[in-house]
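All remarks here apply to the structure that follows.
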Amino acid sequence: MKTSNPVLSRLGQAAERERAAGYYPGAGQPGYGQPYPSADGGYPSAPPAVQPMTIDDVVVKTVILLGIVGVSGAAAWNLIPDGFLRAAWIGAAMVGLVLGLIISFSRVANPGLVVAYAVVEGAFVGLVSKAYEGFYHGIVLQAVLATFGVFFLMAVLYRARVIRATPKFARGLIAVMGGLFAVMLINFVLSLFGVNTGLRDNGLLGIGFSLVCIVVASLSFILSFNEVEEGVRMGLPARYAWTASFGILVSLIWLYLEVLRLISYFQGDD
């Protein structure tokens, strides 16, 4: 099965290998021989078919991951002392980045890594949220409501085919996301050396940059929804629902953090 999405193409190839691994060449196909006999001369039966992924699988896994993020975030919020807040969230951000890259470039679905990512990112989100809530009371609830509002809006737009994940759209959005990631990484490194670029201040540049990030993060849901739809169509094994849910979780966390930052710009001076 072919698809324009490189991630799905890679996962699809891996899934095909998994399905083929349990069967003997030519079994059940006209013009081919019977399965290879075992050591005792018998013919072992083929293993049961792999259960395919469904949209319900992705929904359940996404809810589970969001629950883990919530529990981990609440634990970090209440257990990490304020004096260790910054160091803890930087550490969680670095670990989460490494796990995210490993999951993204992995050729197989790994539920354990996805769950670990949710735990680490939950701690990161919880610590960042605690810092913002300390300055602006009620901002976390506002950001959560806005984030899920955007998520459901994009789901409706995708369902109605108002926005389509065409190959051109996917390539363009992935390129923009890569550029934004590079800019944010450079800006973060410069900030460690005391260089302020203004990208994360509450001036016009900072507000504009946050708005761009929010738009791109919102559009990334279209790619995630398309990956789920195509994955179901391709018949990927059920455990690949964890990989699809991971993509949705990444977009939700990114969108939440950008919305949180944008709202803070209008709450008063830092």
Of 181, 152, which residue is more than 23 Å from residue 209 (Cβ to Cβ) and among the aromatic types (Phe, Trp, Tyr)?
152
Residues located in the range 166-194, provided they are outside any helix (DSSP H, G or I) and in contact with a helix residue (DSSP H, G or I) (Cβ under 9 Å, 6 or more places away or on another chain):
none
With the first residue restricted to the range 162-177 and required to be under 17 Å from residue 228 (Cα atoms), and the second required to be of a type in the set (A, V, I, L, M) and in a helix (DSSP H, G or I), Cβ contacts under 7 Å at 6 or more apart or on different chains are 163/157; 163/222; 165/222; 165/223; 170/223
Close pairs (8 angstrom Cβ cut-off, 6 or more residues apart or separate chains): on the phi > 0 side of the Ramachandran plot in the range 206-235, crowded, with 21+ Cβ neighbours inside 10 Å and at pLDDT below 95 anywhere
235/15; 235/53
So residue 163 clears everything in (1) in contact with a Leu (Cβ under 7 Å, 6 or more places away or on another chain); (2) in a helix (DSSP H, G or I) except one condition, right? Which one?
(2)
Residue tally, condition surrounded by 14 or more Cβ atoms within 10 Å (Cβ to Cβ), among the polar types (S, T, N, Q) and at pLDDT below 90, over the range 188-223:
2
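The values are calculated or read from the model by the stated rules, or taken from the named source; none is laboratory data. In this text the structure is predicted, and so the values were computed from the model without any measurement. In this analysis, Cβ positions are derived from the backbone assuming ideal geometry, glycine residues included, and neighbour counts consider all displayed protein chains.
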